[in-house]
């Protein structure tokens, strides 16, 4: 039986909304890269659902991934791909505006914390230990961005943009509040989301980066 502290689930509207926005940003990146319709949809799909697929397919292995158990997520990604493709074409392939980057960065930062908590919570529900829950939470949070950047041949995490570190701090906060403070899961999750969001936004705003090992300043 699940303990009350582990009964946490994001509101469906927020979950679907974050999936849609990430699909839009992924599709817009596909347009800027000159991809065709199939490539644009793949970019949208991987950006929006890649982290969850890694979580369910590699680590949790509890049947089909959540993203394909029903039509909701696939339809959301398709609509996001259409919207993102239209935005990318309208922009003429140019670099995104400052407003677009600000909105996209804010949504991504919010989604990082949200899906980090979801991954950690699902791991704890299955009886995995704290280190495993934290690790899977990080994978859930930033896995989609990792797969997307691999597809476009981008050098991910160089020179270190505090993406996984933000997820790591959020996962530790969430699991720590559950296991040590015995806080209910919903307030623990929102606190962790705020922690992740603030770290990520500050890193973007002030260009906080980690240094590569072996490289002198």
Please work out which one of (1) under 22 Å from residue 169 (Cβ atoms); (2) part of a helix (DSSP H, G or I) is the condition residue 128 fails and give its number. (2)
What number of residues within the range 127-156 are touching a helix residue (DSSP H, G or I) at 6+ places or on another chain (Cβ under 7 Å) and closer than 18 Å to residue 182 by Cα? 3
Only one of 78, 99, 112 is in a helix (DSSP H, G or I), more than 14 Å from the chain's Cα centre (by Cα), surrounded by 13 or more Cβ atoms within 10 Å (Cβ to Cβ) and on the phi < 0 side of the Ramachandran plot, namely 78
Of the residues that sit in the range 47-73 and are under 17 Å from residue 21 (Cα atoms) and modelled with pLDDT of 85 or more, which one is farthest from the chain's Cα centre (by Cα)? 72
Taking the range 3-15 and keeping residues crowded, with 17+ Cβ neighbours inside 10 Å and either farther than 24 Å from residue 126 by Cα or modelled with pLDDT of 65 or more (or both) leaves 15
Looking at (1) at pLDDT below 75; (2) assigned to a helix (DSSP H, G or I), which is the only condition residue 138 fails? (1)
If residue 198 meets every condition in (1) farther than 22 Å from residue 44 by Cβ; (2) modelled with pLDDT of 85 or more; (3) buried (at least 16 other Cβ atoms within 10 Å of the Cβ) apart from one, which number is that one? (3)
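Within the range 32-41, track down each residue that is at pLDDT below 85 and either outside any loop (DSSP other than H, G, I, E, B) or at positive phi (or both). Break it down stepwise before answering.
Initial filter on the range 32-41 (at pLDDT below 85): 32-34.
The answer is 32, 34.
Test residue 44 against the stated conditions and say whether it is surrounded by 13 or more Cβ atoms within 10 Å (Cβ to Cβ), out of contact with any strand residue (DSSP E or B) (no Cβ under 9 Å at 6 or more places or on another chain), part of a helix (DSSP H, G or I) and modelled with pLDDT under 85. First the steps, then the outcome.
Working: surrounded by 13 or more Cβ atoms within 10 Å (Cβ to Cβ): yes; out of contact with any strand residue (DSSP E or B) (no Cβ under 9 Å at 6 or more places or on another chain): yes; part of a helix (DSSP H, G or I): yes; modelled with pLDDT under 85: no.
No; evaluated as a whole, the condition is false for this residue.
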I'd like to check something: does the range 52-61 contain any residue that is surrounded by 22 or more Cβ atoms within 10 Å (Cβ to Cβ) and farther than 24 Å from residue 193 by Cβ? no
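Output the number of residues of the range 21-35 satisfying the condition of being surrounded by fewer than 21 Cβ atoms within 10 Å (Cβ to Cβ) and touching a helix residue (DSSP H, G or I) at 6+ places or on another chain (Cβ under 9 Å). Before the answer, list the steps.
Just the residues of the range 21-35 that are surrounded by fewer than 21 Cβ atoms within 10 Å (Cβ to Cβ), to begin with: 32-35.
Checking the rest, the ones that are also touching a helix residue (DSSP H, G or I) at 6+ places or on another chain (Cβ under 9 Å) come to 32-33, 35.
Going through the range 21-35 one residue at a time, the tally reaches 3.
The values are calculated or read from the model by the stated rules, or taken from the named source; none is laboratory data. Not measured: the values here are computed from a predicted model. Note that we place each Cβ from the backbone using ideal geometry, even for glycine, and neighbour counts take in every protein chain shown.
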